[in-house]
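Report on the structure given below.
Values in this text are rule-based calculations from the coordinates and carry no lab data. No experiment lies behind these values; they were computed from the predicted model shown. Using ideal geometry, Cβ is built from the backbone for each residue, glycine included, and neighbour counts are taken over all protein chains shown.
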Amino acid sequence: MYKDINKKICLGSIDEKWFEKNIVRENNMYLFLKRAIDIFFGCVGFILFSLFFPFVAVLIKVDSKGPIFYCHKRVGKNGIVFDLYKFRSMTSSSDQHSAIWREKDKDNITRVGKFLRRSHIDELPQAINLLRGDISFVGPRPEWVELVKIFEEEIPFYKKRYLIKPGLFGWAQINFPASKTVDEAKEKFEYDLYYIKNYSILLDIEIMLKAVKLFLW
């Protein structure tokens, strides 16, 4: 009842046996369709990225010193660490790596960076990650390696998050705001568990539609 009403899994009600009974391996048809969707959106995103790149690159360079791109170490499927790409939106790459929680970043966001974040143009380089297969279009949002170290110690079963490929948009992302504490991250993880248990093409489509509505409105 808790799961059906809240669309998340209560961490206090599960154990290791729950995962053995409830987590089903991704089947080949699902993986094929999901990868086809990823490649489609990856190609669309890469085209947009290529079109915007010359203008965004100039604006970033004129506005502040530093690289055009920002690479962040994230944890993906099976615990594999990869570089997630974005257009740089802060004063320096070192500043972006120094803040653990997001609210500490605000003072370092550049003028151009504010526009890039509001318009989500800063996310376009992630089309490269999509095409490379680091991430999927839908899946739990990949977390920063430094936060992962904390969450793995503080949140039960957090490593189960690596059972499936992370994504640009996730069930937790559209149902819960960006976490600023371990307790909030724990609640957000309950939404991730719901997705890991119930993933399907239909659920992925639902997430896509809700993500479009969320980001447009």
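Modelling each spin label as a point 7 Å along the Cα-to-Cβ direction, I'd like the D4/R118 distance in nm, to one decimal.
4.4
Any idea what log10 I(q)/I(0) is at q = 0.30, 0.32 Å⁻¹ for the range 1-50, Debye with uniform C-alpha scatterers and no solvent?
The Cα Debye sum returns log10 ratios of -1.04, -1.09.
In nm, to one decimal, how far is the modelled label at I201 from the one at E146, with both set 7 Å along Cα→Cβ?
4.1
Considering only the chain, what is the antiparallel percent among its DSSP beta bridges, to the nearest 5? Before the final figure, lay out each step's value.
On the way: 9 of 11 bridges.
Among the beta bridges of the chain, antiparallel pairing accounts for roughly 80 percent.
Which angle between 0 and 90 degrees, to the nearest 10, do you get for helix 145-154 versus the longest principal axis of the chain when only C-alpha atoms count?
30
With respect to the cross-link table entries K8/K180; K165/K197; K61/K210; K8/K160; K73/K213, which display a Cα-Cα separation exceeding 23 Å?
K61/K210; K73/K213
Please report how far the C-alpha centroid of the range 112-130 lies from that of the range 140-190, rounded to the nearest whole angstrom.
If we compute the Cα centre of each part, the gap is 21 Å.
Reachable aspartates and glutamates from K186, Cα under 15 Å, same-chain residues fewer than 8 places away excluded?
E143, E152, E153, E154
Relative to the longest principal Cα axis of the chain, at what angle does helix 201-216 sit, 0 to 90 degrees, rounded to 10?
Between the helix axis and the principal axis of the chain, the angle is about 40 degrees.
Working out 0.36 nm times the residue gap between F32 and V58, then minus their Cα-Cα distance, what length gain in nm do you get to one decimal?
Computed gain between F32 and V58 is 5.5 nm.
Rounded to the nearest 10 degrees, what's the angle between the helix 182-198 long axis and the longest principal axis of the chain, both from Cα atoms, 0 to 90?
The two axes meet at around 60 degrees.
To the nearest 500 deg cm²/dmol, what mean residue ellipticity at 222 nm is calculated for the chain from DSSP H runs of n ≥ 4 alone, each contributing -39,500 (n - 2.57), summed and divided by the residues? Please list the in-between numbers first.
Values: 10 runs with 118 residues, N = 217.
Theoretical 222 nm ellipticity from helices: -17000 deg cm²/dmol.
Once fully extended, how much extra length lies between E184 and L163, figured as 0.36 nm per residue of separation less the alpha-carbon to alpha-carbon distance?
So the chain would gain 5.4 nm between E184 and L163.
For Cα Rg over 2.2 N^0.38 Å, the choices are (i) 0.97; (ii) 1.04; (iii) 1.49; which was calculated from the structure?
(ii)
In whole Å, what are the extents of the range 131-201 along the principal axes defined by its C-alpha atoms, from largest to smallest?
31, 23, 20
Could you work out how far apart the two model spin labels at I47 and K73 are, taking each label as a point 7 Å from the Cα in the direction of the beta carbon, and quote it in nm?
Result: 3.7 nm between the two label points.
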